[in-house]
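Engineer: What follows is a structure written as C-alpha cells; I'll ask about it next.
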Amino acid sequence: KLDATIKILGTAYQCDKFTNVNSKIASHIGKNLHISKDHPLSLVRQKVVDYFYKAFVNSRGNPVFAVFDNLSPIVTQEQNFDSLLVPKDHPSRLKSDCYYINHDYLLRAHTTAHDSELIKSGLDNFLVIGDVYRRDEIDRTHYPVFHQVDVVRLKTREQLFPADESLELFESGNNTTNTGIQEKQACHTLEAVKLMEHELKNTLEGLAKTLFGSDIRFRWTDSTFPFTQPSWELEVHYNNQWLELLGCGILQQPILYRAGVLNKIGWAFGLGLERVAMCIYQIPDIRLFWSQDSGFLSQFKTSDPNAKIIYKPVSQYPQCINDISFWLPDNAQEFSSNDFYDIVRSIGGDIIEQVSLVDEFFHPKTKKTSHCYRIVYRHMERTLTQAEVNQVHKKIAMQATKSLGVTVR
Ligand code: PHE
C-alpha cells in the first residue's frame, strides 16, 4: 500500500508510513457545511461573524475583522503544529489522534493552523472558519469531522494605551506566577496582559450572550495551550450541565516574532460550531449535520440567522446493539482503539451511533489482552433490519482481523 496514492480535492498524494486518511474521511472534504445555504452550522457561522462585524468597527464605521471561510483543510505539520510552538513530542501530533495524508500533509486538527500565516500576511484582526479533522471516540457528540472558528486580534502599544504614553507592551521581566498558573509571558508587561485579558473576556462573554441568550450563566477556568499564555476556557451552563465552549489566551510572543510582527500583542480563541448548534437548536445527534434529508435541512431554511429555531426530530428509529470481542495482537501496545473506531466508521458509515469499550481483560496464561466493544447501530431516516446490521457487523470483524491483526473470539 506504501506506493499507493490517495486523491483528495483532485490532487494525488503519495502514501507513506504516516498515511491514515481513509476514503470515508476524505469523502467529507469539500462538503463545506459551514457555508452551505440553510445549514445550521452556516447559521451559527453567520451569528459569530455578525457579532464581530458589529463589535469592532473603525472610525468610518466599517468592520475591522477579515473573514476566511474557504481555506483548504490540507495543511503541513509546520502550519498545524510548528508555527504554533507545539512541541515535537506533543500528544496532539500522534498518528492515533490526527488524520495524516502522508509525512508532509495532514487534515488540519484545528483552524488555529492558519493563524501564523495570516499574521505574517499583515492582518491584525481576522476569523478563520472551516472543517477540522480528529480521530476520536464515537458517540452522539463526537464525529471525526467538525467545524471551528478561530479568531485573532493584534494590538500595538498606541492602540492598547491610547491615552497614556508611559505604558509599554514589553519589558525584560520574568514569567510571573499566581497560584501556580503562569500569569504572563516574561516579555510582556502586566498592564498590557491585563488589558488584553479584559478585552478578550468581555468580547467572549458578549459572544456567549449573543449565541445563547442574555441570561446564559458562564464561568472561566484556567487552561493551557502550547500557543497561548496565559490561557483560559469559557464554560456555559446549559441543560443543567457545564459545557466547555471555547479555549483562548494571549498569543505566545514567539509566534508573532516568527511571523515578522515585533510591535504587537495578541489574543486568540477557538470555538467549535457543532456544540453551539446542538445546544441552541436542540439537535440531539452530531451525525444529523451530515444528513441530506429534507426533513432535517428544511427546518433551517431562513433568511434571518437570528430566527429562533428548535429542531423537531423527524422520528426516532430503533437502535440495534451488537457486541464484538477480540484478542489484541501480540504487540498490544501498538493497538489504538481509534484504529478500530476508524474501521467501524469507514464500514458502517453514518449508521454508527456509538462505539464503546465495554470490557477489557488480560489472560495471565496466554498473556493476551481481550477487548469487547459495543456497537450501537441506528439509521437517522429509517428502521434498520437485524439482518443488514449483522452483515455490516461481520464486515467490521473481517476488516479488523485483516488490518489490525486481532483475533475475533
Ligand atoms: N485550537 C484550540 C482547540 O482546538 C483552541 C484555541 C485556539 C485555544 C486559539 C487558544 C487559542 O482546542
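Readers should treat all values here as calculations from the given coordinates under stated rules, not as data from a laboratory. For clarity, every value in this text was computed on a predicted model and none was experimentally measured. Backbone-built Cβ (ideal geometry, glycine too); neighbour counts: all protein chains shown.
Engineer: Which shape class applies to the chain: rounded if a/c is under 1.5, otherwise prolate when a/b exceeds b/c and oblate if not, where a ≥ b ≥ c are the square roots of the Cα gyration tensor eigenvalues?
Structural biologist: Prolate, because a/c is 1.5 or more and a/b exceeds b/c.
Engineer: Can you work out the PRE-style zone for Gln282? Point 7 Å along Cα to Cβ, and I want the residues of the stretch 237-270 with backbone N under 18 Å.
Structural biologist: Backbone N within reach: 237-241.
Engineer: Would you calculate the separation in nanometres between label points at Ser96 and Gln14, each defined as 7 Å from the Cα along the Cα-to-beta-carbon direction?
Structural biologist: The two pseudo-label positions are separated by 2.9 nm.
Engineer: Still on this model: What does the charge count around Phe161 come to, taking other residues whose C-beta lies under 15 Å from its C-beta (Lys +1, Arg +1, Asp -1, Glu -1)?
Structural biologist: Here the count lands on -4.
Engineer: Rounded to a whole number of µm²/s, how large is the Stokes-Einstein D of the stretch 81-204 at 25 °C and 0.890 mPa s, given Rh as the Kirkwood radius over C-alpha pairs?
Structural biologist: Roughly 141 µm²/s, to the nearest whole number.
Engineer: Could you pull out every one of the lysines with an alpha carbon less than 25 Å from that of Lys367, ignoring same-chain neighbours closer than 8 positions?
Structural biologist: Counting by Cα, and skipping residues close in sequence, Lys367 has these lysines nearby: Lys402.
Engineer: Mind checking which helices in the chain clear 15 Å along their axis (Cα) and have mean Kyte-Doolittle hydropathy of 0.0 or more, DSSP H runs only?
Structural biologist: Both cut-offs are met by 40-55, 190-212.
Engineer: Also, quick follow-up: Pairs Lys88/Lys201; Lys54/Lys120; Lys24/Lys120; Lys37/Lys120; Lys47/Lys155; Lys201/Lys312: which are spaced more than 27 Å apart, C-alpha to C-alpha?
Structural biologist: Table pairs above 27 Å Cα-Cα are Lys88/Lys201; Lys24/Lys120; Lys37/Lys120; Lys201/Lys312.
Engineer: Label the stretch 352-394 by shape, choosing from rounded, prolate and oblate, from the square roots a ≥ b ≥ c of the eigenvalues of the Cα gyration tensor; if a/c is under 1.5 it is rounded, and otherwise prolate applies when a/b is larger than b/c, oblate when it is not.
Structural biologist: Note, shape of the stretch 352-394 comes out prolate.
Engineer: Continuing with the same structure: Pick out which of Lys17, Lys95, Lys367 has the largest mean-square fluctuation in a Gaussian network model of the chain, springs linking Cα atoms closer than 10 Å.
Structural biologist: Lys367
Engineer: Another question, if that's okay. Dipole size in debye (nearest 20) for the stretch 251-409 around its Cα centre, Lys and Arg Cβ +1, Asp and Glu Cβ -1?
Structural biologist: 140
Engineer: Now a separate question. In percent, what relative contact order does the chain have, based on Cα pairs under 8 Å that are 6 or more apart in sequence?
Structural biologist: Relative CO of the chain lands at 15 percent.
Engineer: If the only charges are +1 at each Lys and Arg Cβ and -1 at each Asp and Glu Cβ, what is the size of the charge dipole of the chain around the Cα centre, to the nearest 20 debye?
Structural biologist: 1120
Engineer: Would you mind calculating the relative contact order of the stretch 1-147 from Cα pairs under 8 angstrom and at least 6 residues apart, reporting the percent as a whole number?
Structural biologist: Contact order relative to length: 25 percent.
Engineer: Sticking with the crude label model, points 7 Å out along Cα→Cβ, report the distance from Arg140 to Phe56 in nm, one decimal please.
Structural biologist: In this crude spin-label approximation the distance works out to 3.7 nm.
Engineer: Rounded, prolate or oblate for the stretch 252-356? Axes are the square roots of the Cα gyration tensor eigenvalues, ordered a ≥ b ≥ c, and the cut-off for rounded is a/c under 1.5.
Structural biologist: Because a/c hits 1.5 or more and a/b fails to exceed b/c, the stretch 252-356 counts as oblate.
Engineer: Oh, and also: Under 20 Å from the Cα of Lys31, which lysines turn up, not counting those fewer than eight places away in the same chain?
Structural biologist: Hits, sequence-local ones excluded: Lys7, Lys301.
Engineer: Relative to the present Cα-Cα distance, how much length would full extension add between Thr366 and Asp304 at 0.36 nm per residue of separation?
Structural biologist: Separation in residues times 0.36 nm, less the Cα-Cα distance, equals 16.0 nm.
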